[in-house]
Amino acid sequence: MILTEIIKGEIKNVSNPDDQNTQPETPPVKLLPSQERALIAAQIAADNRANNIVILDLRELTQFFDFFVIASGTSRRQMHAVSEEIDHEFEGRLGDKRLSISGYRESRWIVLDYGDIIVHLFEPETREFYALEELWGKAKIIPFVPKNGDCDH
């Protein structure tokens with residue numbers, strides 16, 4: 001049982017040490033393997049008409065993350081939709097929390113960081129300039145064929 005204590009006008013929750021009927025903590029959600037989640041992110045990008053979708057397997061090159069999912073969008077609105085749909089699926093259905101997001105406001109390069117998976121959404125010119133596929137050229141490319149078949153990959 002949680003007791004509410006008022007101290008100096010502030011409400012603070014404290015545990016009652018005498019309470020023997022405490023509920024066990026909810027176990028953490030078991031995440032799907034990182035490769036499966038990378039494929040899900042790629043499919044969501046494809047479903048939202050992103051193009052040139054590439055999944056790089058970086059597990060043999062770095063310990064910081066497992067996969068990059070790289071995709072291009074044609075407009076700010078589209079890139080926002082892709083990032084929001086990935087977030088919604090990862091947090092809602094998969095139980096995966098995004099650690100950070102960068103570039104959302106500018107929308108030239110949006111980076112979604114899920115720890116072991118990093119999603120990069122680019123404007124085509126920005127993607128060409130930064131050339132992540134070349135920078136990480138030793139990474140294995142994970143085959144990805146969109147289920148709807150509507151985008152270039």
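Within a Cβ distance under 12 Å of F129, other residues only, what is the Lys/Arg minus Asp/Glu net charge?
Net local charge, F129 excluded: -2.
Within the set of other residues whose C-beta is less than 14 Å from the C-beta of Q63, count the net charge using Lys and Arg as +1 and Asp and Glu as -1.
-3
Under the rule a/c < 1.5 gives rounded, and otherwise a/b versus b/c splits prolate from oblate, where does segment 48-105 land using the Cα gyration tensor?
Because a/c hits 1.5 or more and a/b fails to exceed b/c, segment 48-105 counts as oblate.
Readers should treat all values here as calculations from the given coordinates under stated rules, not as data from a laboratory. Please read these numbers as outputs of a predicted model, since none were measured by experiment. Neighbour counts are summed over all protein chains in view; Cβ atoms, including those assigned to glycine, are modelled from backbone coordinates with ideal geometry.
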